[in-house]
1. Less than 13 Å Cβ to Cβ from Ala96, Lys/Arg counted +1 and Asp/Glu -1: what total charge do the surrounding residues give?
2. Could you pull out every one of the lysines with an alpha carbon less than 27 Å from that of Lys100, ignoring same-chain neighbours closer than 8 positions?
3. Add +1 for every Lys or Arg and -1 for every Asp or Glu among the other residues with Cβ under 10 Å from the Cβ of Gly54, and state the total.
4. Be a star and scan the range 35-79 for residues whose amide nitrogen sits under 13 Å from the point 7 Å along the Cα-to-Cβ vector of Thr27.
5. Residue-wise, which Karplus ³J(HN,Hα) couplings in Hz belong to the range 94-110, taking 6.51 cos²θ - 1.76 cosθ + 1.60, θ = phi - 60°, and x for glycine or proline?
6. Write out the trypsin sites (Lys or Arg not before Pro) in the range 1-77 meeting two conditions: DSSP loop, and at most 12 other Cβ atoms within 10 Å of their Cβ.
7. Please list, in chain and number order, the residues 5+ apart from Glu45 or on another chain whose amide H is under 5 Å from its amide H, with Hs placed from the backbone.
8. For the pair Glu43 and Ser10, what calculated FRET efficiency results from E = 1/(1 + (r/R0)^6), where r is the Cβ-Cβ distance and R0 = 25 Å, to the nearest 0.05?
Amino acid sequence: VQLAESGGGSVQAAASLCLSCAAFGLTLSRDAMGWFRPAPGKEREFVAGISWTGGNTYYADSVKGRFSISRDNAKNTVYLQMNSLKPEDTAIYYCATRYKYLVTGSSEYAYWGQGTRVTVST
């Protein structure tokens, strides 16, 4: 099982990036997906998540209104569209998967990618 993130990069504040997370050896159609990033005092901070049906999404307050998560089960891929990026969004972003139900705790997720780095400068 492998999750592979891509789409990170270095941008200026207010720019946009779209991260992708492709799954190999695992069919995501029954899995909830989450995006996480490191945060002070936490192993990994929940950023955004989407239910296995795609019908429910949830966002951290810090990204609400700026980030959007979506999935394409036919492509076995989840996306994180990041708009109006801020310097405080600078981090390595990880995608993760768990069976069925969307939760925000990182310890509840079974499989993780290696991360993709996002750097936002002023």
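1. So the surrounding residues net to -2.
2. Counting by Cα, and skipping residues close in sequence, Lys100 has these lysines nearby: Lys42, Lys64, Lys75.
3. It works out to a net charge of 0.
4. 73-76
5. So the Karplus estimates, Gly and Pro as x, are 10, 9, 8, 10, 9, 6, 6, 8, 7, 9, 9, x, 5, 5, 7, 9, 8 Hz.
6. Lys64, Lys75
7. The list, which skips near neighbours in sequence, is Arg37, Ala39.
8. For R0 = 25 Å, the calculated efficiency reads 0.50.
Read the figures in this text as sums done on the coordinates, not as results from a lab. Everything numeric here is computed off the predicted structure, so don't read it as measured data. Note: ideal-geometry Cβ built from the backbone for every residue, glycine included; neighbour counts use all protein chains shown.
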